[in-house]
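See structure below.
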Number of protein chains: 2
Amino acid sequence: MTTTYRIAELDAHWRAANYLAVGQIYLLDNPLLAEPLRPEHIKPRLLGHWGTAPGLNLVHTHLNRVIKERSLEALCVWGPGHGGAAVLANSWLEGTYSETYPDIGRDADGMRGLFRQFSFPGGVPSHVAPETPGSVHEGGELGYSLAHAYGAAFDHPGLLVACVIGDGEAETGPLAASWHSNKFLDPVHDGAVLPILHLNGYKIANPTVLSRIPEAELDALLRGYGHEPLYVSGSDPALVHPAMAGAMDRALDRIQAIQREARAAGTVPGAERALWPMIVLRTPKGWTGPATVDGQPVEGTWRAHQVPLAGVRENPEHLGRLENWMRSYRPEELFDAEGRPVSSVRACVPEGERRLGASPYANGGRLLRSLPLPALDAWAVPVEKPGSTLHEPTRVLGRYLAQVMRATAGRRDFRVVGPDETASNHLDDLYDVTGKAWQGTTQLTDQNLSRDGRVMEILSEHVCQGWLEGYLLTGRHGLFSTYEAFAHIVDSMVGQHIKWLKSARELSWRAPVASLNYLLTSHVWRQDSNGFSHQDPGFVDHVLNKSPEVVRVYLPPDANTLLAVADHALRSRDQVNVIVAGKQPCFDWLPIGEARAHVARGAGVWEWAGTDHGSREPDVVLACAGDVPTMEVLAASALLREHLPWLAVRVVNVVDIARLMPHEEHPHGMTDTEYNALFTTDKPVVFAYHGYPWLIHRLAYRRTGHAQLHVRGYKESGTTTTPFDMVVRNDLDRYRLVMDVIDRVPGLADRAAALRQSMCDERIRHHDWIRAHGTDLPEVADWSWPY
Amino acid sequence: MTTTYRIAELDAHWRAANYLAVGQIYLLDNPLLAEPLRPEHIKPRLLGHWGTAPGLNLVHTHLNRVIKERSLEALCVWGPGHGGAAVLANSWLEGTYSETYPDIGRDADGMRGLFRQFSFPGGVPSHVAPETPGSVHEGGELGYSLAHAYGAAFDHPGLLVACVIGDGEAETGPLAASWHSNKFLDPVHDGAVLPILHLNGYKIANPTVLSRIPEAELDALLRGYGHEPLYVSGSDPALVHPAMAGAMDRALDRIQAIQREARAAGTVPGAERALWPMIVLRTPKGWTGPATVDGQPVEGTWRAHQVPLAGVRENPEHLGRLENWMRSYRPEELFDAEGRPVSSVRACVPEGERRLGASPYANGGRLLRSLPLPALDAWAVPVEKPGSTLHEPTRVLGRYLAQVMRATAGRRDFRVVGPDETASNHLDDLYDVTGKAWQGTTQLTDQNLSRDGRVMEILSEHVCQGWLEGYLLTGRHGLFSTYEAFAHIVDSMVGQHIKWLKSARELSWRAPVASLNYLLTSHVWRQDSNGFSHQDPGFVDHVLNKSPEVVRVYLPPDANTLLAVADHALRSRDQVNVIVAGKQPCFDWLPIGEARAHVARGAGVWEWAGTDHGSREPDVVLACAGDVPTMEVLAASALLREHLPWLAVRVVNVVDIARLMPHEEHPHGMTDTEYNALFTTDKPVVFAYHGYPWLIHRLAYRRTGHAQLHVRGYKESGTTTTPFDMVVRNDLDRYRLVMDVIDRVPGLADRAAALRQSMCDERIRHHDWIRAHGTDLPEVADWSWPY
């Protein structure tokens, strides 16, 4: 299929892209080398990563050809995203850059602008970024390319997702785990992923592991991952081009055959898993760049990683070397007098939305359809009076999510991911509607596995997160359920996703995508069968450090409130919603209508739970956020009502934690007027919080009444023990809260000394019982609410 | 070598361990089944993980045999650490449990105590934990066993580290990456790691990937990882015992041969990498437990994961099933009338410290020697007056660390790990002393690779962290250098390590181990060639949520202070020290003597930098923490001195950030008296902080003067730009700080209106210059300090 003629065109495109990548790193002006290079043409700060650029350009060039020849819908995930100059170069060559940013035309002036803006203050980042047309992957933090690629391919049967994996990235844990994603990809309903492992041999300063193991070992590894590898190696473009073209054709023929066969057969339980092709591309780091600099080898070594010639502005020899280097691409053959790429350079480039920079899949908001969300009332639990019934909040949510799954059975644009915890987190009603994606072998005892399931379970939080990010960024919806403590495993990934969303929101051409929704459950207070390692509520603290326009944190206190939060989260766009909710039986407090209103307000007085009867000046505010703290606060309020009925206690529940922040700092933040109306300016506030108590202080420190704010929460006192022992150990229990009130309301210490003592005694009685019997006292284990 | 006779003994030991594991999950009393089981013998809450226990018991039994027969020094890392009951059972059988905890004797009373305490309030956790004799790995959060095992083996040439990897854990990213650790293990100077991949087929609720790929694919994968796999499969103990014994013998023979050959040859550059053996053990989940329960298959399925018979106390049939199950191990053959394990059960158990529960390697503090740290004066930079010279702090540290490396060349108990960033972080003087560990192939252009190097670089923060944890917990020292932003990748791992240290500190039998020291550099303010994805100072916030007795955070403002902090950190024990320091040229402020005193104080007034001349009542306090904020504060102070010479400005530098916390909350926290003496109770404090500004508020919110505290820091405004543009974008620049002072000192707004306007103008002038030229103005880029 490939002819010499076409190879010359491919080579021209590749040389043009290489030229443009070098130009971006070095040049302020004289983009076409119309005159000899002078120091003033050179940027004063040389920033960028040359080493990976020629490899990325080679891949882009050859993808262009097959996309055009085969009329493919394709997307490419550029794992070595730090080689941003290469992807920008290709976008400019294919015209998508100028269409997205009309001030950077596809001509000499535009080329000057393209060069100047790169890694330049007020310009564009040095990495592939949201600003880069065609991108869904930043690549600055390595490890997530392949999981992103699979996420993009799920439920996009017509899509080819190429994924360039650098051999540095291949050493990371998340990438190493992601290879097994092929056990979860359904050739009938999903698209294809074509991994291209680019072995250029070096990381920043070291050889890479995969480039330095014997070839037979590498081959075994990749076959062990379930792939059929195709190898392309070399440093002579005249040989590499046909080899790469041949490998691309063989890979795509194979993908087509797998898909044709699978789709003809339909979804066959127990069918053999397809062995997908992949490409191993072995070319020198910094290929076509300076072979040596100042007597040191550069091309083909780690020295080519960033800027091979570093002293260009000061060192005339380096300047000359740069000019020779750039002229070695023969720009005069590649660009016309106006700086436009000539037709032979553009010959391999596909048209319109087939261009990688114009792929609608890379601007997933354009493909996004709102979810057909069911009316909440049908899925809510009836609540005749607060605390008269118990439900497992996540089980109620599971039924609702199953309905969302049912309603999207045809559209296939909703998935639930989790690290082997969907059933443990009590979301297993989902299996009434769909199975767990699984292409491995099956056994008779297996349950709920299916080749086309839309619940995704692999014991890797990294892979779950990467899949979901890729799925959302290409225009779909989803939810990630995980044990609360282990959300920290993806701290870094969610930080990068928040950064992506923050930047993307500022780009008018990027359409909003569905939010990334976390359900954190099996939380710190109810790790009954595990222990200290499973107790960590700090993920909330981590995300609240990030961009407030993106981050939302919800702590629904009961099942209906959880439903209302989920409904809100699944409608939202361009956000990260963290929802913390329990899976254990929990009192129902609010009917669905009130729950919805409470979520809309984000925080509010629960008059029925307090004794201030709507008075504007209670004696004390008992505040709570989270299911277990709410339970303890309501119990404390009941104790106060019983023993100190004349005390005006206001109960405030906070479901949207960012409401506590100043209005100026977070879009959900309360004004001071709103805050003061809830919490007063001078009354003691005893706040029972689900997580680390100082988080509440850091959110509320500017409030007038802050000096009166006393917060109880998890203070890292954990182990394998009973639920009530956990709250006692951390001073979050009802008795301690009553003591806190007595200690803080002026004049109460004397009037309520006996009650205080009895609260102390209660704590000891519980402690002793728990140690003796191994269980909680029935009165807290099977408590019935007195309202 | 194995005989039928011995197999009977091995089986007896295995049955005894299985019996004890079941007993721990279920029984309060009647440990020897001296009478028929009654409901009151059963725990009211059934907690624990049976599924993995028989496999762990099998491995422990067979390790016992080879350790004893071959007189090995061994350690085992139990990846499925949630199967804590199994490891406790073995410890009790070998006697180490009773030696460690004399109240749990090796008799019937002790067995009752062993059973009762498990997962019981006030008892022991359900996981392998610091409380477990012989443990260095908790295993609650999956993924780190193999990296821990390698860390333990490095520089322990006489040690065999067996490592059981569950097939659930094998799906995680960190574990998947850790397989390549064998490219970094030197058979001459390091011990051996024997991975035992235990395929019991299921996770919590799903089949595992590795148990459901074709055998040929699995074999290819493991060979691709560089191992020679030995397979043991089956469910008939009579067949599995000899197979396992044979595989153990073959593996250990092979290890011995590799070591003998390598050690005879010595360190040979370019020698071929050894292909180490490993064992694949395929046995049913919940093996020997109930085959079915209530009509559902259990043994060999995910239903065996936790507690196979759940209703024992209420359901007489389940109670009977439990009794039959326990009696199936024939306890009467295993324990004598006093409940002591009989001699045939103990026959395979090694003696003394060879017992896995008594291995000194698992209580590494016992092996720990203090580092031969050099006198700081020889490695410090001379500082005649503050700000007259520039040094790269991490480069100065690198020279000091090289000296530590030199002084430990014979002892080999110090390593530096990092994800391919040691040179990028300017620590490359280390290579004058040692190389980078590397057993892969080498090329002529390679530099500083060596088979016995003690700098460890792999592009996986997870593996780096796991290696170092394993190295430290087995009695050695080390430092982890990484880009600040990417420390978040190991958020979860460091959280678990802090939990480990917190618990271990409470155990008198555990000797203190060396602290885990982080050097976070290439920090948020100086990501010149990368951008937004590389800008995140939040790791400090994460660790400061954790146990204050373990966590320390230092922000040294210059090279000598960094040296003093490093010296302190390398002497400390049982802590996690996070050191944030720059690698770019930075003014030297303090001579080494003052630096040391400043670190000892943790925070102090820099009189020479202020204009309050030691007065007790300055007009304003300019506080700073971190190298870039310190620079900006000193510049702001110089501007104020120049323009408002009559204003009494006090400059306070904070190097030990926990000093800001209340004395009661953190051992390094200041008393209110100390705090007030530095910061005053009522004067405005303008605090320039390295990271997220609200961290300072959350640490200092209880202080009297908190309402006057105004903090500047990183507020998530990042991109690829110049260093000064970064501080301007985040309002941390000198001009903004001067404006903050003017805005906050009462009465100053009027008197200094002109200065305020000129500060505004300066910001605009810088902004415009940076956008036009792509560089900082020379006056901030090459600033010379006016003192």
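Here is a yes/no grid of residues against (1) farther than 30 Å from B:ALA564 by Cα; (2) in contact with a strand residue (DSSP E or B) (Cβ under 9 Å, 6 or more places away or on another chain); (3) among the hydrophobic types (A, V, I, L, M, F, W, C):
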| position | (1), (2), (3) |
| --- | --- |
| B:GLY320 | yes, no, no |
| B:ARG330 | yes, no, no |
| B:CYS348 | yes, no, yes |
| B:LEU368 | no, yes, yes |
Worksheet item: Can you spot a residue in the stretch B:289-305 that is without any contact (Cβ under 8 Å) to a residue 40 or more places away in the chain and assigned to a helix (DSSP H, G or I)?
Response: yes
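Name the residue, out of A:ARG616, A:ARG729, that is of a type in the set (Lys, Arg) and either touching a Lys or Arg at 6+ places or on another chain (Cβ under 6 Å) or modelled with pLDDT of 95 or more (or both). Let's see the steps before the verdict.
On the way: A:ARG616 fails: either touching a Lys or Arg at 6+ places or on another chain (Cβ under 6 Å) or modelled with pLDDT of 95 or more (or both).
Exactly one residue qualifies, and that residue is A:ARG729.
Taking B:GLU40 as the residue in question, decide whether it is surrounded by fewer than 20 Cβ atoms within 10 Å (Cβ to Cβ), free of Cβ contacts under 8 Å to residues at least 40 places away in the same chain and either within 32 Å of the chain's Cα centre (by Cα) or not in a loop (DSSP other than H, G, I, E, B) (or both).
Details: surrounded by fewer than 20 Cβ atoms within 10 Å (Cβ to Cβ): yes; free of Cβ contacts under 8 Å to residues at least 40 places away in the same chain: yes; either within 32 Å of the chain's Cα centre (by Cα) or not in a loop (DSSP other than H, G, I, E, B) (or both): yes.
Criteria met by B:GLU40.
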Worksheet item: Of the residues that make up the stretch B:47-57, is at least one without any contact (Cβ under 8 Å) to a residue 24 or more places away in the chain and either polar (S, T, N, Q) or outside any loop (DSSP other than H, G, I, E, B) (or both)?
Response: no
Worksheet item: Of all residues in the stretch A:177-223 being free of Cβ contacts under 8 Å to residues at least 12 places away in the same chain and of a type in the set (A, V, I, L, M, F, W, C), which is farthest from the other protein chains (Cβ to nearest Cβ)?
Response: A:ALA216
Worksheet entry | Spans of strands (runs of 3 or more DSSP E) in the stretch A:635-717 with at least 1 residues crowded, with 22+ Cβ neighbours inside 10 Å and touching a Cys at 6+ places or on another chain (Cβ under 7 Å) | A:649-654, A:685-689
Item to complete: Just one of (1) under 21 Å from A:PRO341 (Cβ atoms); (2) crowded, with 22+ Cβ neighbours inside 10 Å; (3) in contact with a Pro (Cβ under 8 Å, 6 or more places away or on another chain) trips up A:THR52, so point out which.
Response: (1)
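Among the residues of the stretch B:429-474, write down those that are in contact (Cβ under 8 Å) with a residue 24 or more places away in the chain, among the hydroxyl-bearing types (Ser, Thr, Tyr) and either out of contact with any Lys or Arg (no Cβ under 6 Å at 6 or more places or on another chain) or buried (at least 22 other Cβ atoms within 10 Å of the Cβ) (or both).
Narrowing the stretch B:429-474 to residues in contact (Cβ under 8 Å) with a residue 24 or more places away in the chain: B:429-434, B:437-442, B:450-452, B:454-474.
Right, trim to among the hydroxyl-bearing types (Ser, Thr, Tyr) and you get B:431, B:434, B:441-442, B:450, B:460, B:471, B:474.
Within the stretch B:429-474, B:TYR431, B:THR434, B:THR442, B:SER450, B:SER460, B:TYR471, B:THR474 meet the criteria.
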Response to the item:
Taking the stretch B:516-539 and keeping residues touching a His at 6+ places or on another chain (Cβ under 8 Å), assigned to a helix (DSSP H, G or I) and within 14 Å of another protein chain (Cβ to nearest Cβ) leaves B:VAL524, B:SER533, B:PHE539
Response to the item:
Picked from the stretch A:753-778 (must be touching a Phe, Trp or Tyr at 6+ places or on another chain (Cβ under 7 Å), farther than 23 Å from B:PHE115 by Cβ and not aliphatic (A, V, I, L, M)), the residue nearest to the other protein chains (Cβ to nearest Cβ) is A:HIS766
Discussion item. For the stretch A:91-128, which positions are under 22 Å from A:GLY365 (Cβ atoms), facing another protein chain (nearest Cβ under 10 Å) and out of contact with any strand residue (DSSP E or B) (no Cβ under 7 Å at 6 or more places or on another chain)?
Written reply: A:PRO125, A:HIS127
Fill in: Checklist (1) surrounded by 13 or more Cβ atoms within 10 Å (Cβ to Cβ); (2) at pLDDT 95 or above applied to A:ALA754, failing item
(1)
Fill in: From the options B:SER98, B:SER91, residue that is surrounded by 23 or more Cβ atoms within 10 Å (Cβ to Cβ) and at negative phi
B:SER91
Worksheet item: Only one of (1) surrounded by fewer than 18 Cβ atoms within 10 Å (Cβ to Cβ); (2) in the same structural domain as B:LEU159 (by TED's automatic domain parsing) fails for B:ARG366. Which number is that?
Response: (2)
Item to complete: Give the number of residues within the stretch B:209-246 that are of a type in the set (Gly, Ala, Ser), surrounded by fewer than 19 Cβ atoms within 10 Å (Cβ to Cβ) and within 30 Å of B:VAL188 (Cβ to Cβ).
Response: 1
Discussion item. If I filter the stretch B:560-574 for residues that are within 11 Å of chain A (Cβ to nearest Cβ), of a type in the set (Asp, Glu), in contact with a helix residue (DSSP H, G or I) (Cβ under 6 Å, 6 or more places away or on another chain) and not in a helix (DSSP H, G or I), do I get at least one hit?
Written reply: no
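Identify all residues within the stretch A:21-52 that are aliphatic (A, V, I, L, M), within 14 Å of chain B (Cβ to nearest Cβ) and under 14 Å from A:TRP325 (Cβ atoms); write none if there are none.
Keep residues of the stretch A:21-52 that are aliphatic (A, V, I, L, M), which gives A:21-22, A:25, A:27-28, A:32-34, A:37, A:42, A:46-47.
Next cut, within 14 Å of chain B (Cβ to nearest Cβ) only: A:25, A:27-28, A:42, A:46-47.
Scanning the stretch A:21-52 gives A:ILE25, A:LEU27, A:ILE42, A:LEU46.
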Item to complete: Answer yes or no as to whether B:ASP249 is surrounded by fewer than 20 Cβ atoms within 10 Å (Cβ to Cβ), assigned to a helix (DSSP H, G or I) and more than 8 Å from every other protein chain (Cβ to nearest Cβ).
Response: yes
Discussion item. Condition first: small (Gly, Ala, Ser), surrounded by fewer than 24 Cβ atoms within 10 Å (Cβ to Cβ) and assigned to a loop (DSSP other than H, G, I, E, B). Can you find one or more residues in the stretch B:164-172 that meet it?
Written reply: no
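So which helices (runs of 4 or more DSSP H) are wholly in the stretch A:328-424 and hold at least 2 residues that are over 30 Å from A:MET111 (Cβ atoms)? Please lay out each step first, then the result.
Numbers: elements: A:331-334, A:343-346, A:393-407.
Correct list: A:393-407.
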Worksheet item: Among (1) in contact with a helix residue (DSSP H, G or I) (Cβ under 9 Å, 6 or more places away or on another chain); (2) away from chain B (no Cβ under 11 Å); (3) more than 18 Å from A:LEU63 (Cα to Cα), where does A:GLY226 come up short?
Response: (2)
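So, in the stretch A:410-421, of the ones that are at pLDDT 95 or above and within 12 Å of another protein chain (Cβ to nearest Cβ), which residue ends up surrounded by the most Cβ atoms within 10 Å (Cβ to Cβ)?
First, the residues of the stretch A:410-421 that are at pLDDT 95 or above: A:410-419.
Applying the additional criterion that residues be within 12 Å of another protein chain (Cβ to nearest Cβ) yields A:418-419.
Numbers: A:GLY418: 26, A:PRO419: 30.
The extreme case among them is A:PRO419.
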Practice prompt. With the condition kept exactly as written, say whether any residue in the stretch B:582-589 is without any contact (Cβ under 8 Å) to a residue 60 or more places away in the chain and out of contact with any helix residue (DSSP H, G or I) (no Cβ under 8 Å at 6 or more places or on another chain).
Written response: no
Worksheet item: Are any residues in the stretch A:471-481 out of contact with any strand residue (DSSP E or B) (no Cβ under 6 Å at 6 or more places or on another chain) and either over 11 Å from A:ARG415 (Cβ atoms) or within 14 Å of chain B (Cβ to nearest Cβ) (or both), and if so, which ones?
Response: A:LEU473, A:THR474, A:GLY475
Practice prompt. Identify all residues within the stretch A:129-148 that are more than 13 Å from chain B (Cβ to nearest Cβ) and in a loop (DSSP other than H, G, I, E, B); write none if there are none.
Written response: A:PRO133, A:GLY134, A:VAL136
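The values are calculated or read from the model by the stated rules, or taken from the named source; none is laboratory data. Since the structure is predicted, the reported quantities are computational estimates derived from the model, not experimental observations. Note: ideal-geometry Cβ built from the backbone for every residue, glycine included; neighbour counts use all protein chains shown.
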